[in-house]
């Protein structure tokens, strides 16, 4: 990828399909590529893999787990990140309760009962009013099936062991967009407000009637906000 690249990092059990609208409609501004976060079991290793394939300077956007990796990239190579977008994510580490839930899901996967994103998990991912929209929910479940149980185990391990990124936020020195769906149930709005308050050059954007997977649920709004962020001087 050339130096005017935009690297997009997906969330847990997501792949490039999450970013289809953005890669299609931001291509006139940047060469868009999606990082592979399925092969490693730590955010440090995920970040190293993305950096090894990236140009010297690039814009970087991550959603949920992708945001954790984006913040790790900023720790490892801050001089290479020209712009940063953090979507529906948090700088905080897992709580004990969150890690317990993840271990429960890992136990299901280990017992051969991994089913990716099931209908009972969708309330955590999309707005309550949209959980019956198959044009939205089918792609989510298909992404999870493609990512699969092995990568799910690696990703959950990485998420549970991620560091607290809050101490590093004040040192970020690039135009930063912090974006969140108003009804995000997994990383609520107060987490984005916290990050935006700590990052010196941050702008907070809230998408109404939107859950956790904003890039897929409200793609036009997310693309418009990312476009403004890429054009901001």
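Some points to look at:
- Residue in segment 58-70 that is within 23 Å of residue 222 (Cα to Cα) and over 12 Å from the mean Cα position of the chain (by Cα) present: yes
- Residue within segment 54-75 that is without any contact (Cβ under 8 Å) to a residue 40 or more places away in the chain, more than 17 Å from residue 177 (Cα to Cα) and surrounded by fewer than 24 Cβ atoms within 10 Å (Cβ to Cβ) present: no
- Residue list for segment 115-143, restricted to those being under 17 Å from the mean Cα position of the chain (by Cα), over 12 Å from residue 217 (Cα atoms) and not in a helix (DSSP H, G or I): 117
- Test for residue 186: is it touching a helix residue (DSSP H, G or I) at 6+ places or on another chain (Cβ under 9 Å), assigned to a strand (DSSP E or B) and in contact (Cβ under 8 Å) with a residue 24 or more places away in the chain: no
- Scanning segment 22-38 for residues that are buried (at least 16 other Cβ atoms within 10 Å of the Cβ) and either under 24 Å from residue 152 (Cα atoms) or touching a strand residue (DSSP E or B) at 6+ places or on another chain (Cβ under 9 Å) (or both) returns 22, 23, 26, 30, 31, 32, 33, 34, 35, 36, 37, 38.
- Taking the criterion of being modelled with pLDDT under 95, exposed (fewer than 11 other Cβ atoms within 10 Å of the Cβ) and in a helix (DSSP H, G or I), the residues of segment 77-102 that qualify are 96, 97.
- Residue in segment 122-141 that is closer than 25 Å to residue 48 by Cα and surrounded by fewer than 21 Cβ atoms within 10 Å (Cβ to Cβ) present: no
- Selection count where residues are more than 23 Å from residue 133 (Cβ to Cβ) and surrounded by fewer than 17 Cβ atoms within 10 Å (Cβ to Cβ), scope segment 205-233: 5
The values are calculated or read from the model by the stated rules, or taken from the named source; none is laboratory data. Here the structure is a predicted model, which means the values were calculated and not measured. With ideal geometry, Cβ positions are generated from the backbone for all residues, glycine too; neighbour counts draw on all protein chains shown.
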